[in-house]
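Just below is one structure, and these are the notes that go with it.
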Amino acid sequence: VQLQASGGGLVQEGASLRLSCVASGRTFDSYTLGWFRQVPGKEREFVGSMRWDDYTQYADFVKGRFTVSRDNAKKTVYLQMSNLKPEDTAVYYCAAAPTMYHSFEFWGQGTQVTVSS
């Protein structure tokens, strides 16, 4: 599976942004899809994920502001971000796990999100 993330950019505090991640491969529907982010010098951190059955999980720091969704027909996972804060500035990565019992094995190249105050 190859993943291609896009949609990052420079926005002002309080703005919204939607990231997209398009996947290649045949078995997209069964994958757990996730978003992570990383700031230089820090560990990559989990943002949110969606399982094959649309069950979602989120990091506490984005609950109520970020939403993960997927379109299986387009083999695309989205991260809708609202009320963005400067501390959300990071490189955002999409990832895929073959099943809910696997770790995230496939990673996209990352897209930069910068939030100015």
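The values are calculated or read from the model by the stated rules, or taken from the named source; none is laboratory data. Please read all numbers here as calculations on a predicted model, not as lab measurements. Cβ placement follows ideal geometry from the backbone for every residue including glycine, while neighbour counts extend to all protein chains displayed. Surface areas here come from the heavy atoms of the whole protein model, side chains and all, with no ligands, DNA or RNA. Shrake-Rupley method; radii C 1.70, N 1.55, O 1.52, S 1.80 Å.
Summary of values
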read-out: Subset of segment 61-104 [part of a loop (DSSP other than H, G, I, E, B), free of Cβ contacts under 8 Å to residues at least 12 places away in the same chain and on the phi < 0 side of the Ramachandran plot]; value: K63, A73, Y101, S103
read-out: Residue that is nearest to F61 (Cα to Cα), among those in segment 32-48 that are free of Cβ contacts under 8 Å to residues at least 40 places away in the same chain and exposed (fewer than 15 other Cβ atoms within 10 Å of the Cβ); value: E45
read-out: Selection from segment 75-117 of residues that are closer than 11 Å to S20 by Cα and over 12 Å from the mean Cα position of the chain (by Cα); value: K75
read-out: Any chance D29 is touching a Ser or Thr at 6+ places or on another chain (Cβ under 9 Å), loosely packed, with under 14 Cβ neighbours inside 10 Å and without any contact (Cβ under 8 Å) to a residue 60 or more places away in the chain; value: no
read-out: Residue that is farthest from the chain's Cα centre (by Cα) [pool: residues in segment 2-16 that are open to solvent by 60 Å² or more (accessible area, probe 1.4 Å) and within 13 Å of K75 (Cβ to Cβ)]; value: Q2
read-out: Index of the failed condition, Q57 passing every other in (1) out of contact with any helix residue (DSSP H, G or I) (no Cβ under 9 Å at 6 or more places or on another chain); (2) part of a loop (DSSP other than H, G, I, E, B); value: (2)
read-out: In segment 49-71, residue nearest to the chain's Cα centre (by Cα) [restricted to those that are open to solvent by less than 30 Å² (accessible area, probe 1.4 Å) and not polar (S, T, N, Q)]; value: V68
read-out: Candidate set: segment 72-101, residues that are under 17 Å from D60 (Cβ atoms) and not basic (K, R); chosen: the one surrounded by the most Cβ atoms within 10 Å (Cβ to Cβ); value: L79
